[in-house]
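Down below is the structure, laid out as structure tokens.
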Amino acid sequence: MGEIRRTAKRGSWLSRRQFHRRKISASRARLLFVLAAAMLAFLMLIIQLFSVSIWNGKNWADKAMRQWSRTTYLKADRGKITDSDGTELASSYTTYQVCVNPQNIQADDRERIAYILSTYLQMDYDTVLAKMSKTRIKRGTENSDEPEYVLLSQVKIKDQVDKEIISQLNAMQLGTGVSYYADVKRDYPESGYYGQLLGFTNVDGDGQTGVELTCNSYLSGKDGYLKTDTDRDNNPVPGGDEEYVMPIAGGNVRLTTNTGLQAILENALEEAYTVNNAATAYGILMNPQTGEVYAEGSYPTFESANPPRSDAKVLLELSKNRIVTDTYEPGTTFGVITIASALESGAISMNTMFNCSGSLLVKGERIRCINTKGHKTESLPEALTNNCKTAFMSMALRMGLDSFYDRIYSFGFNDTTSSGIMGETSGKVTHKKYVRDADLAEIGYGQNITCTGMQLTMAVTAAINGGELIKPYVVSDITDNDGMVILQNGKTLIRRVISPATSELVRTLMQYVVDNGDGRGAQVYGYTVGGKTGASQKYDEEGKPTGKWIASFIGFAPVNNPQFICLIVVDEPQVPSSYVNYVAAPYVQEVLASSLSLKGVPSDRSNVSETVPNVVGMTVDEAVKALKGRGFNAIYLEGEANSLVVGQAPRNNMTVVHGSNVILYSNGYTFYNSEVTEETEMVKVPDVYDKGKVDRIMARDTLEAAGLVMDYDPENCVGYVVGQSYPEGTLVPVGTVVFVQFAPEEK
């Protein structure tokens, strides 16, 4: 019985203990939960503090600073660009940026201020008013059904406002609702020239094209700023802190160019473009002893102060510096390199004679000369003067693939010149493992190889300056505002490519071309001149001739001590193919004559001068007689005796050497008969295509009977007619030139 009670008591005692244990466990669990929650909250707080103060501390600090302070950025003055004589080509002056502070403008005063700003800034009133009324969603209301909108604190109205306008606006008492900040505007004092070379900047003053872009890191300088404490309305706090960092002006760039020489070249390019109704004309004038670029440009061009920004495609085309961007087959101007290489290698000598039968058979492939009847026996000077393809092919084949290619690469082809002019590309020299003998022969006279005008000028410079390949350059030096030189350029010798003796022979040969050949249009009174013509035909995507040409001439003077070398390229001159070799020489003559005179280079020759008469308005027959009577050689198209002369090159009243070439442009050609009126007589183009054996004489007679003029490629003018530029039945004005394509009889 007692045992049972103890057991019962013990059981009762155990029940109470279990109860207390459970009570303590529940309290402990709650305590642990609270502690865990507190620790979690504390950990989250630490993470948040770390995020705010460490991870995103800079961003929050910047936001706070933007609310407590206002930073005004001070634009650094952009450096100047000058020519070699110190003439300013590009400079900067202070303008202002006009901003409005909508939160500081009373609603009933907004229209008045908008009217004043739009009037003085010459802007649309509604546009200004809209900017003054710009709002943003207030923070914290983005996701609400009706978010709250607040006015922006500041909105830019216009950049680059002149100081005079700001003075007028200040007089209108616009209060704190309008703010002005100093800005910089680019000015181009010689804006009529240097379009492609200088380029232009954007509204922020950063270079976009030309030297403005290539030297942007030197010109732009380093902006400064003014930071001031502000109140909630963005107004300066009286007595607040200010932090001022002075802007550092950009460096000054001095070019190798001369503005007088640049004007001479660009005027000649415009004339070449206009007279020949060409697609483009571009050129370069350089010092062949040092590599300094005196002038370069393309036409059409633009003014750096007012580029045509509204049409991006037009602006891109006009901005091309074609002397370094455009590649083309140089034609027989490349013959200078072929002859220099052949003489240096010993493959030929000045006594070498050539026999041209009108074509050359190379490994079973017949390649025709420019004169399909052949030049017969000719000396080396005569071969160069005759543009004899057979002779150039023979030189290339005598040297052989390895020797000729080594010299082509040595002259700098297939690589850029590193001239510093924006957009430079390299031409193409086919890898020699893909070159057949026929290809090598064609390279000898400037086909199957492409280059830029700058590459060709550099190579010919090496051929005539004593044999030194030197790097052309357009930036002379760059200095900071204290006059300390940051960058200095000078003559850079790349390598020697031929000996001085060979170079002297090349100069003599090139003088022979100007004195006796199709380069006579480049003769300069009082000076010896050397040069070489070039003509290359354009082909379509299928490799067929288009009837369009690239005409070029490269010349230098004086011959024994060259001071200037000039290349002018006329792309797609609208002239008969028989004119192409004569097109560019008169403009090189004009540039060399004016440059030699401007720089006072001593005369080295006594020759007879003559003033070019004005023959515009005469018939071709009358003009030829007038020119011959004065000792000039007239270049004209047969069959145009009764047409009127509407243009001439050189132009009238120019002083040139007695016996020079004068090109006559008549109104019998399509490009001078482009204004079709109701009175213009129209004729149908006859079909001269593939009617059995239709040769050049038959095609010419058929077209002339219809009142049309035939043009053709003089290098491929025998055999069957396989194409004509106007389909049968096309209505064209009387006198239209029809380009006819031939294929050899052995086709």
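Restricting attention to segment 199-223, which residues are buried (at least 24 other Cβ atoms within 10 Å of the Cβ), outside any loop (DSSP other than H, G, I, E, B) and in contact with an Asp or Glu (Cβ under 9 Å, 6 or more places away or on another chain)?
Across segment 199-223, the qualifying residues are Thr201, Glu212, Leu219.
If only one of Gly534, Gly555, Gly547 is touching a Cys at 6+ places or on another chain (Cβ under 6 Å), in a strand (DSSP E or B) and not hydrophobic (A, V, I, L, M, F, W, C), which one is it? Working first, answer last.
Working: Gly534 fails: touching a Cys at 6+ places or on another chain (Cβ under 6 Å); Gly547 fails: touching a Cys at 6+ places or on another chain (Cβ under 6 Å).
That would be Gly555, the only listed residue that is touching a Cys at 6+ places or on another chain (Cβ under 6 Å), in a strand (DSSP E or B) and not hydrophobic (A, V, I, L, M, F, W, C).
Check off (1) surrounded by fewer than 21 Cβ atoms within 10 Å (Cβ to Cβ); (2) without any contact (Cβ under 8 Å) to a residue 24 or more places away in the chain for His375 and give me the number that stays unchecked.
Checking His375 against (1) surrounded by fewer than 21 Cβ atoms within 10 Å (Cβ to Cβ); (2) without any contact (Cβ under 8 Å) to a residue 24 or more places away in the chain, the one that fails is (1).
Here is a check on your reading of the model: is Ser92 of a type in the set (Gly, Ala, Ser), in the same structural domain as Gly250 (by TED's automatic domain parsing) and surrounded by 15 or more Cβ atoms within 10 Å (Cβ to Cβ)? Steps first, please.
Values: of a type in the set (Gly, Ala, Ser): yes; in the same structural domain as Gly250 (by TED's automatic domain parsing): yes; surrounded by 15 or more Cβ atoms within 10 Å (Cβ to Cβ): yes.
Spelling it out, Ser92 is indeed of a type in the set (Gly, Ala, Ser), in the same structural domain as Gly250 (by TED's automatic domain parsing) and surrounded by 15 or more Cβ atoms within 10 Å (Cβ to Cβ).
Confirm whether Val588 is closer than 30 Å to Asp85 by Cα, crowded, with 19+ Cβ neighbours inside 10 Å and assigned by TED's automatic domain parsing to the domain that holds Tyr294. Break it down stepwise before answering.
Values: closer than 30 Å to Asp85 by Cα: yes; crowded, with 19+ Cβ neighbours inside 10 Å: yes; assigned by TED's automatic domain parsing to the domain that holds Tyr294: yes.
Here the answer is yes, as Val588 does meet what is asked.
So which residues in segment 479-509 are of a type in the set (Val, Ile, Thr) and either at pLDDT below 95 or farther than 15 Å from Leu380 by Cβ (or both), if there are any at all? Step through it out loud before you land on a result.
Going through segment 479-509, the residues of a type in the set (Val, Ile, Thr) turn out to be 479, 485-486, 492, 494, 497-498, 502, 506, 508.
Of everything in segment 479-509, those that are of a type in the set (Val, Ile, Thr) and either at pLDDT below 95 or farther than 15 Å from Leu380 by Cβ (or both) turn out to be Thr479, Val485, Ile486, Thr492, Ile494, Val497, Ile498.
Go through segment 494-503 and give me each residue that's outside any strand (DSSP E or B) and either touching a Gly at 6+ places or on another chain (Cβ under 8 Å) or not assigned by TED's automatic domain parsing to the domain that holds Thr290 (or both). Talk me through it step by step, then tell me what you get.
Of the residues in segment 494-503, the ones outside any strand (DSSP E or B) are 497-503.
Once the filter is applied, which keeps residues that are outside any strand (DSSP E or B) and either touching a Gly at 6+ places or on another chain (Cβ under 8 Å) or not assigned by TED's automatic domain parsing to the domain that holds Thr290 (or both), segment 494-503 yields Val497, Ile498, Ser499, Pro500, Thr502, Ser503.
Being without any contact (Cβ under 8 Å) to a residue 40 or more places away in the chain and either assigned to a loop (DSSP other than H, G, I, E, B) or in contact with a Pro (Cβ under 6 Å, 6 or more places away or on another chain) (or both): is that true of Val314 here? Give the steps one after another, and end with the answer.
Numbers: without any contact (Cβ under 8 Å) to a residue 40 or more places away in the chain: yes; either assigned to a loop (DSSP other than H, G, I, E, B) or in contact with a Pro (Cβ under 6 Å, 6 or more places away or on another chain) (or both): yes.
Spelling it out, Val314 is indeed without any contact (Cβ under 8 Å) to a residue 40 or more places away in the chain and either assigned to a loop (DSSP other than H, G, I, E, B) or in contact with a Pro (Cβ under 6 Å, 6 or more places away or on another chain) (or both).
Here's the yes/no breakdown for (1) surrounded by 13 or more Cβ atoms within 10 Å (Cβ to Cβ); (2) in contact (Cβ under 8 Å) with a residue 12 or more places away in the chain:
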position: Asp85; (1), (2): no, yes
position: Ser118; (1), (2): yes, no
position: Ala130; (1), (2): no, no
position: Ser133; (1), (2): yes, yes
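If I ask for residues that are in contact with an Asp or Glu (Cβ under 7 Å, 6 or more places away or on another chain) and either at pLDDT below 55 or within 18 Å of Tyr726 (Cα to Cα) (or both), which ones from segment 660-692 would you list?
Step one: filter segment 660-692 for residues in contact with an Asp or Glu (Cβ under 7 Å, 6 or more places away or on another chain), giving 666, 668, 685-687.
Gly668, Val685, Pro686, Asp687, listed by residue number.
Out of Ile470, Ile486, Ile494, report the one residue that is surrounded by 22 or more Cβ atoms within 10 Å (Cβ to Cβ) and within 32 Å of the chain's Cα centre (by Cα). Spell out the reasoning first.
Details: Ile486 fails: surrounded by 22 or more Cβ atoms within 10 Å (Cβ to Cβ); Ile494 fails: surrounded by 22 or more Cβ atoms within 10 Å (Cβ to Cβ).
None of the others qualify; the one that does is Ile470.
Going through segment 257-287 one residue at a time, which ones are at pLDDT 95 or above, crowded, with 24+ Cβ neighbours inside 10 Å, more than 14 Å from the chain's Cα centre (by Cα) and not in a helix (DSSP H, G or I)?
If the condition is that a residue be at pLDDT 95 or above, crowded, with 24+ Cβ neighbours inside 10 Å, more than 14 Å from the chain's Cα centre (by Cα) and not in a helix (DSSP H, G or I), then Thr257, Leu285, Met286 are the ones that fit.
Looking at Gly521 and the list (1) modelled with pLDDT of 95 or more; (2) crowded, with 24+ Cβ neighbours inside 10 Å; (3) not β-branched (Val, Ile, Thr), which single condition is not satisfied?
Result: Gly521 passes all but (1).
Go through (1) in contact with a strand residue (DSSP E or B) (Cβ under 6 Å, 6 or more places away or on another chain); (2) crowded, with 22+ Cβ neighbours inside 10 Å; (3) among the charged types (D, E, K, R) and name the single condition Asp540 misses.
Exception for Asp540: condition (2).
Report, ordered by the first and then the second residue, all pairs with beta carbons closer than 9 Å, sequence separation of six or more or different chains, a first member in segment 446-472 that is over 19 Å from Val569 (Cβ atoms) and touching a residue at least 12 places away in the same chain (Cβ under 8 Å), and a second member that is aromatic (Phe, Trp, Tyr) and in a strand (DSSP E or B).
Between residues of segment 446-472 that are over 19 Å from Val569 (Cβ atoms) and touching a residue at least 12 places away in the same chain (Cβ under 8 Å) and residues that are aromatic (Phe, Trp, Tyr) and in a strand (DSSP E or B), the close pairs are Asn465/Phe556.
Going by the structure shown, is Ser298 part of a loop (DSSP other than H, G, I, E, B) and buried (at least 18 other Cβ atoms within 10 Å of the Cβ)?
no
Does Lys313 meet the test of being assigned by TED's automatic domain parsing to the domain that holds Asp540, more than 15 Å from Ala441 (Cβ to Cβ) and modelled with pLDDT under 95? Before you say what the answer is, go through the steps one by one.
Working: assigned by TED's automatic domain parsing to the domain that holds Asp540: yes; more than 15 Å from Ala441 (Cβ to Cβ): yes; modelled with pLDDT under 95: yes.
In short, yes.
Is it the case that some residue within segment 454-476 is over 27 Å from Thr533 (Cβ atoms), among the polar types (S, T, N, Q) and out of contact with any Gly (no Cβ under 6 Å at 6 or more places or on another chain)?
Going through segment 454-476, the residues over 27 Å from Thr533 (Cβ atoms) turn out to be 473, 475-476.
From the residues that got through so far, the ones that are among the polar types (S, T, N, Q) too are 476.
Then keep just the ones that are out of contact with any Gly (no Cβ under 6 Å at 6 or more places or on another chain); that gives 476.
Yes.
The values are calculated or read from the model by the stated rules, or taken from the named source; none is laboratory data. Worth saying up front: this structure is predicted, and the values here are computed from it rather than measured. Glycine gets a Cβ as well: all are built from the backbone with ideal geometry, and neighbour counts include every protein chain shown.
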